[in-house]
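This report concerns only the one structure given below.
The values are calculated or read from the model by the stated rules, or taken from the named source; none is laboratory data. Predicted, not measured: the structure shown is a model, and the values here were computed from it. Using ideal geometry, Cβ is built from the backbone for each residue, glycine included, and neighbour counts are taken over all protein chains shown.
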Amino acid sequence: MPWGGRTHVGRDGWAEFFGDLGATLEPEAFEPEEYLAQGDRVVALGNYRFRAKAIGKSFSSQWAMAWRFRDGKPVDCRVFEDTDTQAKAVRG
């Protein structure tokens, strides 16, 4: 995946991440289901479905996002998802 294996830092990093994502995948559903919060940390759990633009194949996965905040602003986010399913959909 074009965005995988890299650390995206700051606003420019997020812009790069979403640019790569949008060039490769079209969102069909993004459904947060549960939030767990303690102190400056929030974990969000959910499901998504995307369509790989190059071949038109859709796939879905559960995901978890672990966020850390400072002064009400996000300073770290780690995403856990089924990258094998993503890669297979993009490759065909």
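Some notes on this structure:
- Of the residues making up the stretch 34-87, just one is closer than 27 Å to residue 10 by Cβ, loosely packed, with under 14 Cβ neighbours inside 10 Å and touching a Leu at 6+ places or on another chain (Cβ under 7 Å), namely 53.
- With respect to the stated conditions, residue 16 fails to be assigned to a strand (DSSP E or B) and acidic (Asp, Glu).
- Looking across the stretch 1-33, the residues that are out of contact with any Asp or Glu (no Cβ under 9 Å at 6 or more places or on another chain), surrounded by 12 or more Cβ atoms within 10 Å (Cβ to Cβ) and aromatic (Phe, Trp, Tyr) come down to 14, 17, 18.
- Residue 21 being in a strand (DSSP E or B), aliphatic (A, V, I, L, M) and either in contact with a helix residue (DSSP H, G or I) (Cβ under 9 Å, 6 or more places away or on another chain) or free of Cβ contacts under 8 Å to residues at least 24 places away in the same chain (or both): no
- Sole exception among (1) under 16 Å from the mean Cα position of the chain (by Cα); (2) not in a strand (DSSP E or B) for residue 55, by number: (1)
- Selection over the stretch 58-79 of residues that are among the acidic types (Asp, Glu) and part of a loop (DSSP other than H, G, I, E, B) gives a count of 1.
- From 90, 75, residue being farther than 19 Å from residue 29 by Cα and at pLDDT below 95: 75
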